[in-house]
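Peer 1: After the structure tokens below, expect a handful of questions from me.
The values are calculated or read from the model by the stated rules, or taken from the named source; none is laboratory data. Everything quoted here is computed from the prediction, not taken from an experiment. With ideal geometry, Cβ positions are generated from the backbone for all residues, glycine too; neighbour counts draw on all protein chains shown.
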Amino acid sequence: MVREAHQERDCHIEMLRTWCGYARIIEDAYWDPGSDDGHPDLFTPTFRVNSFLFGYSPDVVDHDLRQNPSGLYRLSAL
């Protein structure tokens, strides 16, 4: 049954809706801020603010070595 269920590309989406009963899920995609994972009817993006704690310099990053407003949002120096 597991093998059969996983033959469909979006089987995990169906599991979240049907088996888990989720109507909406808040998506905190730190690797892709603002992403709805291609399913806007299920995933609602949240705005991650921790990158702004490292926003005082374009050269400073967080523990992921990439979270900085300049890099995430392609901001130029003022």
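Peer 1: Say we look at segment 31-71 and pick out the residues that are small (G, A, S) and in a loop (DSSP other than H, G, I, E, B); which of these is modelled with the highest pLDDT?
Peer 2: Filtering segment 31-71 for residues small (G, A, S) gives 34-35, 38, 51, 55, 57, 70-71.
With the extra rule that they be in a loop (DSSP other than H, G, I, E, B), the set shrinks to 34-35, 38, 55, 57.
Details: G34: 83, S35: 88, G38: 92, G55: 67, S57: 73.
Looking at the filtered set, the residue picked out is G38.
Peer 1: Anything in segment 16-30 that is assigned to a loop (DSSP other than H, G, I, E, B), closer than 25 Å to V49 by Cβ and not charged (D, E, K, R)? List them, or say none.
Peer 2: Kept after step one, since they are assigned to a loop (DSSP other than H, G, I, E, B), are these residues of segment 16-30: 20-24, 28-30.
Within this subset, residues satisfying the condition of being closer than 25 Å to V49 by Cβ are 22, 24, 28-30.
Matches in segment 16-30: Y22, A29, Y30.
Peer 1: Something else: Quick one: A29 ticks every box in (1) closer than 27 Å to D62 by Cβ; (2) surrounded by fewer than 11 Cβ atoms within 10 Å (Cβ to Cβ) bar one, so which box is it?
Peer 2: (2)
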